[in-house]
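Read-outs throughout are calculated quantities, based only on the coordinates presented, and are distinct from any laboratory measurement. Just so you know, these numbers come straight off a predicted model, no measurement behind them. Neighbour counts run over all protein chains shown; Cβ positions are idealised from the backbone, glycine included.
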Amino acid sequence: MSELFNVAQLVEENARRRGDARAIAEPSGARWRTVTYRELQQLIEHEHAALARAGLRRGDKVSVFVRPGIDWVVLIYALFRLGAQPVLIDPAMGRTGVLRCVERIAPRGFIGVPLACALKLVVPRAFRSVEVTIVHGALPLGGRTIAGLRKAVRDVPARVATRADETAAVLFTSGSTGPAKGVPYTHGMFRAQVAALLELYAMREGDVDVACFAPFALFGPALGLSTVLPRIDFSHPARANPAHVVRALREHRAVQCFGSPAIWRRVAPWARERGIVLEHLERLMIAGAPVHPPLIEECLSILGPRGDVHTPYGATEALPVSSMNGRAVLAEHRARTEGGWGNCVGSPACGVTARVIRSIDEPIGEWSDALCVEPLECGELVVRGEQVTREYEQEPAHTLAAKIRDGASVWHRMGDIVRLDEAGRIWFQGRKSHRVETSQGPLYPVAIENIFNSHAAVRRSALVGIGARGSQEPVLVVELHDSAHSSAELASEILAHGRRLPAARPVSRVLFHRAFPVDVRHNAKIDRPALARWAAGQPR
């Protein structure tokens, strides 16, 4: 039996310590709506009472389809406090994907905006497990609303005494490199994540954080930060208006900001062209896809001397695994990065043990040290620690494929090919499923792409394989900067640029693509399988 702990306690503790300090701010017309830590805690307690009145209880899975904001944060922490388990599915994966996830997870509760509730009425089969439905907003056809439940609250129940090893939430992966899967998070895992983030980035109570990735807004109240939600569509970060992001950063004098590469590829050049320098921004954090030196360089150009770029590395199943700072990448590791070593993503975070094992496609039932590769060799990264999840929700086959038992602990297979350098830092080579299997051996995309990405005309590139595994032709698909124009001469020039290094010499063909397909969550991970299918259909 594990100790008693509920992640909602972290907000309670901050409310006692930081009562009148601002907890969260969000856009409201031309102004900002804000709540203090004391107000946030009162809202959470009141919401807990409303949810309990609706019939939700400890252990219930509750699908949540509410737009990120103050009310969303309150709702999630109220579910934690109740001992219920919010199920978070990315709506950007589309109707079919969302319905498949809901049906598989079989929630007892459903809380959604009117549009989501309409979907529930149109496709009732996917929601047949739902017994408690709550509308978050006004519904013309009637129905039980969260506002109405709040009005009926008289007494606030005590926080449910959950165990640290009890499921707190189920978070779905994005499905960008395989089917979307539900990942159970325990209350203890959330606590371990908070501790790891505090240590990695030396965050201080009251630091202002602009959260351009919705889940990070949930961490802010637990970390004691002042969280600002900018005016963006969190489901489509690549469409972010740079002016709105910069406004949030400047008006609130943000100390840190977290967002995907897709956001910073828009914000950094926009700010640089206008001579904007964010002197107060100390930690500009980029995650969700490989972060290459040119983007780090551009982001550093809008920071003051105290600012740095940080590239957290991890996955829904294990976060954070490591982190690297941008100034060190440019000063110490750029030559290796652009020489075919991959992306340096830093040393393992607090509480994480990392190993590199042979690249094996089959499940591995039990851990053995004999699985590990020699120092500096490439292989699959496996990690274990308190912030590493142990299974997938109702997915025994995927759990078997991704987890390795080691006594009472579990190793998670990241599905990434890496190597560890002499200092134990992790160098990301690419996804295992994206490797190109040639007759001369495997090629790992990110390591090769970095070589070609250093060409001035290349915005980004993707290495894909055409043909049967074991004899695939490696083809480089290139997305150019806006000012560059594709031509046979430029293709030859890009090939020659890469071939100066042995690692890139197997690549003998370049194709140009106007805009790469990307993942739905961060709008930054390149969909290499889709590009491979496209490349296979191009004339030679």
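Before moving on, here are some points about what is shown:
- 12 Å beta-carbon shell around C350, net charge (K/R +1, D/E -1): -2
- Ranking L56, G385, F452 by how far each Cα lies toward the positive end of the dipole of the chain (charges on Cβ) leaves L56 at the top.
- Amide H contacts under 5 Å for A23, placed H, 5+ residues apart: V35, T36, Y37
- Bridge type composition, segment 435-536 - antiparallel percent by DSSP, nearest 5: 75
- Between the entries [x] 23.6, 75; [y] 25.8, 94; [z] 24.6, 76, the label attached to Rg and Dmax of the Cα atoms in Å calculated for this structure is [x].
- Cα-Cα pairs of segment 75-192 separated by more than 25 Å (percent): 29
- Pairs of Lys residues in the chain, spaced 8 or more positions apart or belonging to different chains, with C-alpha separations under 19 angstrom: 7 in total.
- Candidates per GluC sites (Glu not before Pro) in segment 199-269, loop by DSSP, up to 16 other Cβ within 10 Å: E205
- Sequence-ordered 3J(HN,Hα) estimates for segment 363-372 from the Karplus curve with 6.51, -1.76 and 1.60 and θ = phi - 60° stand at x, 10, x, 10, 6, 8, 4, 5, 5, 6 Hz, glycine and proline given as x.
- For segment 120-177 and segment 363-421, distance of Cα centres in Å: 33
- Of all DSSP-defined beta bridges confined to the chain, some 60% are antiparallel rather than parallel.
- Computed per residue of the chain from DSSP H runs no shorter than four, each worth -39500 (n - 2.57), the mean residue ellipticity at 222 nm is -9000 deg cm²/dmol.
- Reciprocal of mean inverse Cα separation for segment 404-499 (Kirkwood radius, Å): 15.4
- Length-normalised contact order for segment 230-430 - Cα pairs under 8 Å, 6+ apart - percent: 15
- Overall form of segment 230-430 per C-alpha gyration tensor (a/c, 1.5; a/b vs b/c): prolate
- On Cα atoms only, tilt of 70-82 relative to the major axis of the chain in degrees: 70
- When E317, E473 are arranged by Cβ crowding within 10 Å, least crowded first, meaning fewest neighbours, the order is E473, E317.
- Each Cα pair under 8 Å and six or more residues apart adds its sequence gap; the mean of these over the residue count of the chain is a relative contact order of 11 percent.
- Other residues lying with their Cβ under 13 Å from the Cβ of V477 contribute a combined charge of +2, Lys and Arg counting +1, Asp and Glu -1.
- A cut-off under 13 angstrom between Cβ atoms defines the neighbours of A52, and their net charge, with Lys, Arg +1 and Asp, Glu -1, is +3.
- H455, H412 arranged by Cβ crowding within 10 Å, fewest neighbours leading: H455, H412
- Segment 482-527: trypsin sites (Lys or Arg not before Pro) in DSSP loop, at most 14 other beta carbons within 10 Å: R500, R514
- Axis angle, to the nearest 10 degrees, between helix 187-201 and the longest C-alpha principal axis of the chain: 50 degrees.
- For segment 319-328, 3J(HN,Hα) per residue [Karplus equation, 6.51 cos²θ - 1.76 cosθ + 1.60, θ = phi - 60°, Hz, x = Gly/Pro]: 8, x, 8, 6, 7, 10, 9, x, 4, 5
- Its alpha carbons considered, segment 268-354 gives a radius of gyration followed by a Dmax of 13.7, 44 Å.
- Degrees separating the helix 488-499 axis from the principal Cα axis of the chain, which is the longest one: 90
- Using θ = phi - 60° and Karplus 6.51 cos²θ - 1.76 cosθ + 1.60, couplings along segment 256-261 (whole Hz; Gly, Pro as x): 9, 8, 10, x, 7, x
- Near the amide H of G415, within less than 5 Å, lie the amide hydrogens of L381, all on another chain or at least 5 residues away, with H placed in the peptide plane.
- Exposure proxy order (Cβ contacts within 10 Å, fewest to most) of W264, W32: W32, W264
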